[in-house]
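Accompanying notes for the structure given below.
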Amino acid sequence: MSKFSVKTWAALSLLGLAGQLAWVVENLWFNGYVTAVTGARAVDAIAWMVAVSAATATLTTMVMGTLSDRLRRRKPFIVFGYVIWGITTALFPFVTALPSSLLVVGIVVADAVMTFFGSTANDAAFNAWVTDITPSVRRGRVEGVLSALPLFAIIITSVLAGIMTKTTGEGYVPFFFVIGGFVTVSGLVSVFLIKDDPRLVGMGKGAEDKFTAQFFKVFRLSTIRQHPELFLVLSAIFLTGFGDQIYTPYVIPYMTGYLGLTQSEFTMILASGMLGGGILSFFLGVLADKFDKRRLALVTPILQALAMYSMSVAQGKVELILAFLVMTATTTFSAIVITAMARDLMPRDQVGQFQGIRMIFYVALPMMTGPFVGNYVIKTLGVFRNGQYLPGPSLFAVSAGAMLLTMIPVIMLNLRRRTPQAS
């Protein structure tokens, strides 16, 4: 498929945006709702939600991705997954009808159910479908569009939540219905927009006769030896995420606590950076298609490190807006380049299954390591003010240094200079 039809671009944009809206609601606004309705018990509920959701997302993506490989179908998983995903998102507030003794457990289970259908539809099937249909020469453009959608999703949900939600939690109900309804409708519309890549026909099981055999095959050491370049790229994805996660959870405390910005000032800086980064994403994707992605990957960690350092020295509002915009743009550019390379190198008969492996390197490992390093940096190099530790500029400087670690697997990848396994 050398050129995309209008229907294909519509499917990519609609399903991509719907998925990101649902994930932002799950990762951000579910927490706000739980805090509003459970009070002191919110801390326990949120901690368990995050842990169980991360485990559920990774395992679901691996299992359902493998199943979609064996069935040689993505469309049913996308359509039914999105439809039910939206329903579970909309119905989440009703879990509060449970007795108090079961409330925390019910919240965690409801969030896990939503995550199961979301990971089936988006992480496993939709991402595999994107890899299936996108030739290597167009992956930068596609990643440019997809990379912009999380930024727009945060802005959209922030505006809607600001209009619809209330501190009592009542306003979250229509908010979740609007987002969940959009996700469900997107799944229904996708029936007419997407079709499975015909190249999936004839792949399927390969030499593996049983599901369990194919599922566990990917964990063998021989798999790494068969796909060394792919695992080098996945290692780079992990190290990039690790550098990002050192500072990302602490951006709000840094700006509002250390710099003393008001909530509205922080929101303006955040929105300006994300909007600008989202607009630049498509153009950065086109740029990524124009040049050798492996050589670009040698440059993007340096650009990210410089952008992070600029955040550590920015003080005024204009400086902060520019620094945050540059940091968002360089992070997006890096994600475009490195994700496109990963798609190039995924084995054609295990694209779905490898979405789960990607989740380990993209989500699980960075989130299990980066925030704890950031926490250590804050307590040792930050400031202690008003009875609490606050992140200082050193947090971004350490993140910049950690980001340069990405150069190690990228340099090793460039030394190999082998032809990608898939196009």
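The numbers here are math on the coordinates, done by the rules we state, and not lab data. Treat the numbers as computed from the prediction; the structure is a model and nothing was measured. Heads up, the Cβs are rebuilt from the backbone with ideal geometry, glycines too, and the neighbour counts pull from every protein chain shown.
If you build the convex hull over the alpha carbons only and average its shadow over all orientations, what do you get for the range 212-423? Give it in nm² to one decimal.
12.9 nm²
Counting only the backbone N, which residues of the range 179-197 are under 15 Å from the spot 7 Å out from the Cα of Val159 toward its beta-carbon?
Within reach of a label on Val159, which here means backbone N under 15 Å from a point 7 Å along Cα→Cβ, the range 179-197 contributes 179.
For the chain, with a Gaussian network of springs between Cα atoms less than 10 Å apart, report the residue from Ser264, Ser235, Ser190 with the top mean-square fluctuation.
Ser264
For the chain, with only Lys/Arg (+1) and Asp/Glu (-1) charged at the beta-carbon, what is the dipole magnitude about the Cα centre, in debye rounded to 20?
Around 1180 debye, computed over the chain.
What share of Cα pairs, in percent, lie more than 13 angstrom apart in the range 212-260?
70 percent
Expected output is a single nm value to one decimal: the length gained when fully extending between Lys290 and Thr369, i.e. 0.36 nm times separation in residues minus the C-alpha distance. What is it? Intermediate values should be presented prior to the final figure.
Numbers: separation 79, 0.36 × 79 = 28.44 nm, distance 3.42 nm.
Gain in length upon complete extension: 25.0 nm.
With a Förster radius of 51 Å, plug the Cβ-Cβ distance of Arg416 and Ser264 into 1/(1 + (r/R0)^6) and report the FRET value to the nearest 0.05. Don't jump to the answer; show the numbers that get you there.
Working: r = 50 Å, r/R0 = 0.98.
Taking R0 as 51 Å, the efficiency between Arg416 and Ser264 is 0.55.
Mind telling me which of Ala314, Ala148, Ala90 comes out most flexible in a GNM of the chain, alpha-carbon contacts under 10 Å?
Ala314
So how compact is the chain: Cα radius of gyration and Dmax in angstrom?
21.2, 65
Could you pull out the pairs from Lys217/Lys290; Lys7/Lys290; Lys75/Lys210; Lys7/Lys217 whose alpha carbons sit more than 28 Å apart here? Walk me through the numbers on the way to the answer.
Numbers: Lys217/Lys290 36 Å; Lys7/Lys290 25 Å; Lys75/Lys210 23 Å; Lys7/Lys217 36 Å.
Among Lys217/Lys290; Lys7/Lys290; Lys75/Lys210; Lys7/Lys217, the Cα-Cα distance tops 28 Å for Lys217/Lys290; Lys7/Lys217.
Would you calculate, for the chain, the mean residue ellipticity at 222 nm contributed by helices, counting each DSSP H stretch of 4 or more residues as -39,500 (n - 2.57) and dividing by all residues, to the nearest 500?
On the way: 18 runs with 303 residues, N = 423.
That calculation yields -24000 deg cm²/dmol at 222 nm.
Figure the gain on full extension for Gln388 and Phe192 (residue separation times 0.36 nm, minus the Cα-Cα span) and round it to one decimal in nm.
Working: separation 196, 0.36 × 196 = 70.56 nm, distance 5.40 nm.
Stretched fully, the Gln388-Phe192 segment lengthens by 65.2 nm.
To the nearest Å, what is the center-to-center distance of the range 367-391 and the range 253-275, using C-alpha atoms only?
Comparing the Cα centres of the range 367-391 and the range 253-275, I get a distance of 18 Å.
Of Gly277, Val377, Thr248, which is farthest along the charge dipole of the chain in the positive direction, counting Lys and Arg as +1 and Asp and Glu as -1 at C-beta?
The residue sitting farthest along the positive end of the dipole is Gly277.
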